[in-house]
Amino acid sequence: MATWSQVESAIKLLSAEQLNNTMWSTELHIDGTDRTQRVFVAYELVPPDMEFVKVSSPIDSAGAIMDPGSVLQQFGSLTVGSLSYLQFSQGGGMLFIGTSIPLWVLDLSNPHPFLLYMHVLAQAADTVKTKT
């Protein structure tokens, strides 16, 4: 079982920036390109005591450039994460590829598989972004 503190220690290996007490951000290099992809890692608590780590990577502003059908078609061939949408208070929103992992199933005694998964998720977001 991992703790949020262990997650924070692991993502510090990626030169992540702490945004607040429950969220970090990092830019991950996309293999074989000169591009990077932002990845957010956040702590979530579902009352009364279910703790999760949420990993998400933005695709693009929803509706600004992308056709939702095209995004779903591209995403349908991926095997990681799920699509999510964040509504902004001032209007508009953002599409993300992300996942939530219960802390009680996460083993960070070796953080490299978790960090590798972050890279895979970033690669998936980049793939959808560049093909739509």
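The values are calculated or read from the model by the stated rules, or taken from the named source; none is laboratory data. Fair warning: this is a prediction, and the values are worked out from it, not measured in the lab. Here Cβ is always computed from backbone atoms with ideal geometry, including for glycine, and neighbour counts include all displayed protein chains.
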Inspect segment 13-27 for any residue being over 19 Å from Val120 (Cβ atoms), small (Gly, Ala, Ser) and in contact (Cβ under 8 Å) with a residue 24 or more places away in the chain and give the result as yes or no. no
Ser57 being surrounded by 19 or more Cβ atoms within 10 Å (Cβ to Cβ) and either under 17 Å from the mean Cα position of the chain (by Cα) or under 23 Å from Ser89 (Cβ atoms) (or both): yes
Can you list the strands (runs of 3 or more DSSP E) lying wholly within segment 2-63 that have 1 or more residues being hydroxyl-bearing (Ser, Thr, Tyr)? 23-29, 36-46, 50-61
Mind counting the residues in segment 108-131 that are in contact with a helix residue (DSSP H, G or I) (Cβ under 8 Å, 6 or more places away or on another chain) and either of a type in the set (D, E, K, R) or not in a helix (DSSP H, G or I) (or both)? 3
Test: residue in segment 64-81 that is at pLDDT 90 or above, acidic (Asp, Glu) and not in a strand (DSSP E or B): no
Taking segment 96-132 as the search range and keeping residues that are of a type in the set (D, E, K, R) and at pLDDT 85 or above, which one is farthest from the chain's Cα centre (by Cα)? Asp107
Within segment 18-45, of all residues that are of a type in the set (Asp, Glu) and under 14 Å from the mean Cα position of the chain (by Cα), the one farthest from Thr130 (Cα to Cα) is Glu44
Could you tell me whether segment 82-95 includes any residue that is modelled with pLDDT under 95 and touching a helix residue (DSSP H, G or I) at 6+ places or on another chain (Cβ under 8 Å)? yes
Which one is surrounded by the most Cβ atoms within 10 Å (Cβ to Cβ) among residues in segment 114-128 that are among the aliphatic types (A, V, I, L, M) and in contact (Cβ under 8 Å) with a residue 40 or more places away in the chain? Ala125
